[in-house]
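All remarks here apply to the structure that follows.
The values are calculated or read from the model by the stated rules, or taken from the named source; none is laboratory data. Please read all numbers here as calculations on a predicted model, not as lab measurements. Glycine gets a Cβ as well: all are built from the backbone with ideal geometry, and neighbour counts include every protein chain shown. When the accessible area is computed, the model is the full protein with side chains, heavy atoms only, and any ligands, DNA or RNA have been set aside. Shrake-Rupley method; radii C 1.70, N 1.55, O 1.52, S 1.80 Å.
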Amino acid sequence: MTKINPAYHLKNIQHYYGNTKVLDIDDLKIEKGSITGLIGPNGSGKSTLLKLLAFAQKPTLGQIFYKGRMELPFSTSIRSKISLLTQKPYLLKRTVFENIVYGLKIRKEKNNLEKRVSKALLHVGLDYQNFATRFWHELSGGEAQRVAMAARLILKPEVLLLDEPIASVDIESAGLIRQASLNARKNWGTTLVIASHDLQWLYSICDHQLSIFKGNIFSTGVENIITGPFEKSDQKTFIKKLEDGQIITLNAPSQTACTAIIRKKNICLDLEKQSGNGHINQLSGHITSMLLEKKSETIMATISIHDLSLIVLLSPDQIGRLDLYPGKKVILNFHSHDVEWI
Ligand code: ADP
């Protein structure tokens, strides 16, 4: 196993809002200089996790180590190294120039401000002449997000945390934010954690992804989640009826649970149904997208089964052998005992 040099180590983290637990992470390491994608539906705990990583909020329970030292929230020394960019960028009601130098001024840095602002703007594809004197209300959504990004890049952060950075920006801005993120890692070794709903954009930047669901993190990568309602078929079996009449059979959970995880490594693809036993689910669907996962050189295919989407991993060899392409009809197989319940 490769040894990891963690920027972060989270131990036994639990976070509550009132009586509701929204994060529960036993052990998580984030490697220095890595780019980690955070994937999960709304309300799964992504923003809360990013706030904890920014030391802008204290976890209810547990410890967060940064570069091997246990750090406390709101410590100014640590917060100057770590920058969080929120989905709706907060800009001061001043000019672009004043927004971008704000962090430097707090650090009492006064040298070469114009040159540094110009460079920071260039990193996000904005030119100094056109933008430095504009006021915050004279920017489009994408430009405002890029100015907010430049205000963080000028500080050469050790860690950059981006919460839905392209949710309300145009395609050009999304590309520039991607490039600026990659440059931050290349130029300063910045560690990045990025939450985004745009999986294609996220996969094009990240080394790996973390899936988060109801505050729990599922290994690395995207995992398939099947939500209820389920019907109890017998003591040992739950079923889920899909709207098109197909039925998923799953081994019953040992305790109360309402969401099933089917890991993508446990799902196979075929072109036709095989005669088999009732424990193997064979679902008809069609391929809706295929993405190359850079690190493993495998292809991640999304299969739509009426109202359900599941992800499978395929080798380039399988793609060729089964002649797979988006739109093709396929049969998806997984065993009823390959389920984890949460
Ligand atoms: P995500 O970023 O994945 O959408 P969040 O971390 O924003 O998820 O939210 C996780 C859960 O915590 C949600 O159920 C949300 O409603 C709740 N939550 C977030 N912030 C607060 C808050 N300040 N007070 C109470 N509940 C909150």
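Using the Stokes-Einstein relation with a Kirkwood hydrodynamic radius computed over Cα pairs, the translational diffusion coefficient of segment 224-341 at 25 °C and a viscosity of 0.890 mPa s comes to 165 µm²/s. A Förster distance of 30 Å, applied to the separation of the beta-carbon atoms of GLN274 and SER296, puts the FRET efficiency at 0.65.
Summary value for segment 1-134: 20 percent relative contact order, contacts being C-alpha pairs under 8 angstrom separated by 6+ residues. May I ask which of LYS51/LYS241; LYS81/LYS265; LYS46/LYS110; LYS11/LYS240; LYS156/LYS265; LYS214/LYS241 have a Cα-Cα span longer than 32 Å here? Listed pairs above 32 Å: LYS51/LYS241; LYS81/LYS265; LYS46/LYS110; LYS11/LYS240; LYS156/LYS265.
Between ASP207 and ARG134, residue separation times 0.36 nm minus the direct Cα-Cα distance comes to 22.7 nm.
Multiplying the residue separation of LYS115 and HIS306 by 0.36 nm and removing their Cα-Cα distance gives an extension gain of 63.3 nm.
Simple rule: put +1 on each Lys or Arg Cβ and -1 on each Asp or Glu Cβ in the chain, find the dipole, and look at GLY276, PHE334, TYR17; the Cα lying farthest toward the positive end is TYR17.
About the centre of its Cα atoms, the chain shows a dipole size close to 1640 debye [charges on the beta carbon of Lys, Arg (+1) and Asp, Glu (-1) only; nearest 20 debye].
Label zone of SER284 (point 7 Å out along Cα→Cβ, amide N under 11 Å): in segment 311-342 this covers 329-331.
Only protein heavy atoms count here; on that basis, with a 1.4 Å probe, HIS335 has an accessible area of about 50 Å².
The slack in the chain from ASP127 to THR256, taken as 0.36 nm per residue of separation less the alpha-carbon distance, amounts to 40.8 nm. Taking every protein chain into account, the 1.4 Å probe leaves TYR128 with about 60 Å² of accessible area, to the nearest ten.
Placing unit charges on the Cβ atoms of the charged side chains and taking the dipole of the chain about its Cα centre, the candidate lying farthest along the positive direction among ALA54, SER315, ILE305 is ALA54.
SER289: net charge of surrounding residues, Cβ under 13 Å, Lys/Arg +1, Asp/Glu -1, itself excluded? Here the charged neighbours net out to -1. Based on Cα contacts under 8 Å between residues 6+ apart, the chain shows a relative contact order of 16 percent. The residues of the chain present an accessible area of 51 Å² per residue when probed at 1.4 Å with all protein chains retained.
Considering only ASN224, TYR128, SER296, the residue lying farthest towards the positive end of the dipole of the chain is TYR128, judged by Cα position with unit charges set on Cβ. With a Förster radius of 25 Å, plug the Cβ-Cβ distance of THR76 and LYS11 into 1/(1 + (r/R0)^6) and report the FRET value to the nearest 0.05. Approximately 0.60, to the nearest 0.05.
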